[in-house]
1. Extension gain residue 37-residue 89, at 0.36 nm per residue separation less the Cα-Cα distance, in nm?
2. Sort 71-80, 35-44 for me by packing, meaning the mean count of neighbouring Cβ atoms within 10 Å per residue, highest on top.
3. Show me the ranking of peptides 84-96, 11-23, 48-60 by mean Cβ neighbours inside 10 Å, starting with the highest.
4. Over every pair of different alpha-carbon atoms in the stretch 18-99, take the mean of 1/r and invert it; report that Kirkwood radius in Å.
5. Working out 0.36 nm times the residue gap between residue 56 and residue 76, then minus their Cα-Cα distance, what length gain in nm do you get to one decimal?
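What follows draws every value from the coordinates through simple rules; no lab data is involved. Keep in mind it's a predicted model, so treat the numbers as computed, not measured. Here the Cβ positions follow ideal geometry from the backbone for every residue, glycine too, while neighbour counts run over all protein chains shown.
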Amino acid sequence: MASTTINRGNVATTIVMTATITPAATGATTSAEQSFTIPGLQVGDQVSALQYQGAWTVLVDIVNLRVSAANTLGVSFQNSTGGSLTAPSGTYLLEVNRPELASLPTSAY
């Protein structure tokens with residue numbers, strides 16, 4: 001029987017950050033990841049929420065969030081319509097869970 005090793009640990013802290021991002025257009029019937037620079041993110045962080053601080057008026061969905069490199073957030077947008085659409089630019093809130101034994105960003109207080 002095959003086996004799997006699962007690393008377990010606790011969330012040391014949950015951090016709420018704000019970021020101003022400007023998404024690019026997502027093509028018709030496409031899901032694509034875009035990268036944004038978010039100072040303070042670390043590899044191993046788990047981003048559980050990305051919330052736009054305005055009215056969401058387009059038919060584009062956020063379908064995945066990941067820290068792809070230090071200070072880099074990967075956001076996958078999905079457009080199920082027949083035309084190109086762009087998620088809104090502006091201020092977003094991020095909820096970041098940092099595991100035990102990882103350092104806090106200097107901007108977290």
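1. Value of the extension gain: 17.3 nm.
2. 71-80, 35-44
3. Result, highest mean Cβ count within 10 Å first: 84-96, 11-23, 48-60.
4. Mean inverse Cα-Cα distance, inverted, gives 13.0 Å.
5. Numbers: separation 20, 0.36 × 20 = 7.20 nm, distance 1.61 nm.
Stretched out fully, the residue 56 to residue 76 stretch lengthens by 5.6 nm.
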